[in-house]
Every structure is written in structure tokens, then in C-alpha cells.
Amino acid sequence: MNVSATVPVNDGHRKALAWIGSGPGKLLIGGQWVDARSGKSFETVDPATEAVLARIAEGEQADVDAAVAAARKAFEAPSWSGISPYLRARYLLNIAETVEANADELAAIETLDNGMPLAMSRARVGGAAELFRYYAGWVTKIFGRTDPWDSSGFLYTLREPMGVCGQINAWNVPLATAAIKMATALACGNTVVFKPAEQASLSTLRLAALIQETDLPPGVVNIVTGFGTAAGAAIANHAGIDKVAFTGSTAVGKQILMSSVDNLKRVTLELGGKSPNIIFPDADMDQAIKAAVGSFCGNSGQVCSAGTRLFVQESLCDEVTERITGIAAGYKVGSPFEAGIDMGPLISDKQMARVLSYVDAGRDEGARLALGGGRVGSRGYFVQPTVFGGVSNDMRIAREEIFGPVLSIIPFRDEDDAIFQGNDTTYGLAAGIWTRDLSRAHRVARALKAGRIWVNTYGPSGAIMTFGGYKQSGYGREQGAESIEAYTQTKSVLVKL
Ligand code: ADP
């Protein structure tokens, strides 16, 4: 099947196909859409059909150099650095409005390129608009201070932008994470060289085209598509970039940090996770079990904060495993454009092979495969919801991030044991706690070493809710108030009176 054979489900889908058909895979540098200097391009594939969607410009060092030069020029231009915060807020509000006005098209592009169910991508596009709106609110509230000094002088603090920000994104929730990164950078007065993930660049390119149609000055947002080892590494190493924000694997995150050393660029990293979701015996079991399934199947498990280690009090393990598999077995896996679908495909054949290799690893280490474990169909990268019972926390399926719909159910004895095992991981991105005991909820929330804790729920997010990792899940924070600090620096000014 090729794109033209796809029957659009709505007007946004129709527009998405028309836009993709127009050949949009160029770089955005200094307000101009251009081919890669090498002339090279690569294919992006619809993971549900394996059809080639479009060719994308393959940016490399020379393209990143040009984008950094454009971003520097825009950063220093009075049309960006000299404007009032009200105008900067207005630019962000305009972007929010254009995202919302084109939400159905953006959602369809996301679903075509990434494979997430259409209802989910539509919700994420709504979230992206909210992110721009949330950060528009910050623009007029980024304060310096006056500091105490003696009567001979006057001391104050300015909070200033970092400069040119390189932003390297992952493929799992491309538009929403692009919105987080761009909105924060712009709110603080920075300019951006953005690299989407090579597996799913299209929604970012469409976002950039929509931003182009607003009156944001050229060069404030630049997009360089391409591969990690070329375009990504060029951004990470670039002496003209002041800060890098990265979302992706822990292994690459560590490389980004090492690359930052030369010019000491500031770095924020949003990395992997192996998050514990703990169901205590006094929990509302119906809610906990339903949410537990959603937390490992949502977006086919391609979520860094997915609750992939489910801790259940040992006497309840058999019952909970049975109920989890009962619900997960009813999940509908199929075309992400089909109404009522629960899970679309994984992003790529490589990711599917990786996920299935962990099913073998779980079996080999003696875990009990209670559900799934296989591919669905022979076209598209669909994998069944997969549940392992009888997992111990030292097995690979409990220690390594799989990034697929694979759940490990692990028994615990008591509260201390749940906390110990929950924390016994190199990661620390998120955690869930299910209990009706108020004291226990707060006690365990304090004891778990993770950047985000959900109590009696799992997964809700929002611009206002800070996100980031303890331990090897990351460096710094995105969203919420802390993100402003990550995109600004302070300067103290002493004036002799
Ligand atoms: P995943 O394993 O989920 O694909 P990666 O960490 O490999 O995650 O990729 C996340 C992002 O980092 C992508 O945009 C990718 O192109 C980029 N990337 C990969 N390798 C490098 C690298 N060596 N330097 C900079 N960016 C990279």
C-alpha cells in the first residue's frame, strides 16, 4: 500500500496526505526551506503499512553550521533580542492558535509517521497548543531581583537567555516533545536549532511550516532533519551552540554530555526509564489494574515513563496477573486510524525486533509469559500486549528499558520491600503508587527516587507538571517552573551610587 491508496478518515487526514505528497522534507534555515547541502535525503516510513511516506533532507555538519549561524543572527537581532516580553508572548500565543487551528492535520501527520492511534495524537496536539500557551504566560514573569547591598551601591540580577539552543528529539511523542522544547526556549528569549528524530520528522516539519506562517522572525526556529551520528552529533559538538536539550536513550544522552565539554554548553537530558508501579493490597483494585494496563500499552509502550515494572503484594500476584492479562487481551491492536483502536504499531522494524528479543530474554531467564509475546499480522510493526508473571527484579526484562508493550509483574513482601525493589534500578523517571492509606501514599512518594510520582493514577501530564529524571533518567527538568531556569542564566549587576 502506498500513501495515495490510504482512504482519509477526515478532512485533517486528507490535508495531511496532500501536504506529505507535496514533498515537505527540507531543512528550515534562516526562514528558508532548503535541501541538505550534500543533496542527500532519506525515507520516512508509515510504521502501520511499511509504505514510504516521504523523503527527508539528510542534514549534516555543513547544514548545522548554517542553521547555527542563522540562529545566532536571529538571536542578536533587535527584532528578537530587543522586543518587549508582551510581543514575545504574543508570538507564542500565535503559534498556539495555529497549532489548534490545524490540529486535525497535525494529528494525522503524527499518526501516519509515528503510528500512534489518531485519538492519542489528537490529544497530544491539543497538549502542544497548551504548551505554547503555558509558556506564553511565563514570558512576562521571568524576573530578575534586587539584592541587598550597602548604601554605596545598588545590586540587581538579570535573568537572560542562554543564546542558541540545540534541541535533539526522540520519535515516540514527536510533536508534543518538540512543543515542550521550542516553547520553553522561545519563552526565555533563545533561538533554536532543532533536530527531530529520523524515524518521525514530519509533524515537526509541519509545525515549523505553521510557525513560518506566523510573524515570528526568521531564524528564531531552524530545523535540521537527519541522523543522530551526523546532524545530531554536529549539534552536540557545535561550538556556536550554548545549550543542548536532548530526549532519547541514556546511552546517547551520556555521549551528548561528553560532547558538551569542549565549549561547556549547558545540557538537559530527558532519558530512559524502568518505572515502578506499585499496587498495595488496600488499593482500589479495579482502577489500579485498568491503569496498569494503560501504563504499559499506551503508545505501544513507547513512553519513557511507562509503568513497566508492576509490583504487586505477593499474595495477590496470581489474581492481579490474571486480571491484567484479561484486560490487555481485549486491547485492539491495528490501524491507528481505525476508531476504537487501543494500540498502533511500533515505530520501526528495528524496534519491533528489539521488543521481541526481550520476549525471548524473559523466557530464557525463567519468567512466565502470561500473555502475548508475538507480532500481530505480517505487515506493519504491530506487537501484542505482552505480560510476564513471576519476574524477579534482577532479570533483564526488569532492568532494561524495552520501549514496547511488555509488562513485568514482580512480587513484593511489604512496604519496605516495595520501596527497596522500586528503587533498585539505575533509572528514576517516574513511579506509581496505589493505596487508600494516606500516610503510606506520602511516605512512599517521598521514599521513591523518581522525578515524577503518581498516586492513585498513572500517566497524566501537562505543561505545568515538571518532568525529569533522578539517577540515569536525566539531567535537569522540562515543563513547569524549573524549565525556565534550564533556559536562562543569571547575571548580577552592581552599580556604585
Ligand atoms: P532511540 O534509541 O529511542 O532511537 P536515540 O537516543 O538513539 O533514541 O535517539 C534520540 C535522538 O538522538 C534522535 O534524534 C537521534 O537522531 C539522536 N542521536 C542518536 N545518536 C546521536 C549522537 N551520537 N549524537 C547526537 N544525537 C544523536
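The values are calculated or read from the model by the stated rules, or taken from the named source; none is laboratory data. Just so you know, these numbers come straight off a predicted model, no measurement behind them. In this analysis, Cβ positions are derived from the backbone assuming ideal geometry, glycine residues included, and neighbour counts consider all displayed protein chains. Surface accessibility is based on the protein's heavy atoms, side chains included, excluding ligands, DNA and RNA. Shrake-Rupley method; radii C 1.70, N 1.55, O 1.52, S 1.80 Å.
The figures follow:
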read-out	value
Yes/no for residue 204 being of a type in the set (Val, Ile, Thr), within 12 Å of the ligand (Cβ to nearest atom) and not in a loop (DSSP other than H, G, I, E, B)	yes
Selection status of residue 72, touching a residue at least 24 places away in the same chain (Cβ under 8 Å) and under 30 Å from residue 341 (Cα atoms)	no
Failed item in (1) out of contact with any helix residue (DSSP H, G or I) (no Cβ under 6 Å at 6 or more places or on another chain); (2) assigned to a helix (DSSP H, G or I), with residue 96 passing the rest	(1)
Count - residues of segment 343-382 that are of a type in the set (Val, Ile, Thr) and more than 16 Å from the ligand (Cβ to nearest atom)	2
Selection status of residue 479, open to solvent by 50 Å² or more (accessible area, probe 1.4 Å), modelled with pLDDT of 95 or more and assigned by TED's automatic domain parsing to the domain that holds residue 148	no
Yes/no for residue 254 being among the basic types (Lys, Arg), within 16 Å of the ligand (Cβ to nearest atom) and open to solvent by 10 Å² or more (accessible area, probe 1.4 Å)	yes
Filter pass, residue 490 being β-branched (Val, Ile, Thr) and more than 19 Å from the chain's Cα centre (by Cα)	yes
Selection count where residues are part of a loop (DSSP other than H, G, I, E, B), farther than 14 Å from residue 266 by Cβ and more than 10 Å from the ligand (Cβ to nearest atom), scope segment 161-199	2
So residue 268, is it near the ligand (Cβ under 9 Å from one of its atoms) and either farther than 20 Å from residue 37 by Cβ or over 19 Å from the mean Cα position of the chain (by Cα) (or both)	no
Residues of segment 180-230 satisfying the condition of being of a type in the set (S, T, N, Q) and open to solvent by 10 Å² or more (accessible area, probe 1.4 Å)	199, 212, 214, 229
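Listed here are the residues, each with its yes/no results for (1) open to solvent by 10 Å² or more (accessible area, probe 1.4 Å); (2) more than 28 Å from residue 381 (Cα to Cα).
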site: 49; (1), (2): yes, no
site: 58; (1), (2): yes, no
site: 65; (1), (2): yes, yes
site: 75; (1), (2): yes, yes
site: 79; (1), (2): yes, yes
site: 91; (1), (2): yes, yes
site: 94; (1), (2): yes, yes
site: 98; (1), (2): yes, yes
site: 109; (1), (2): no, no
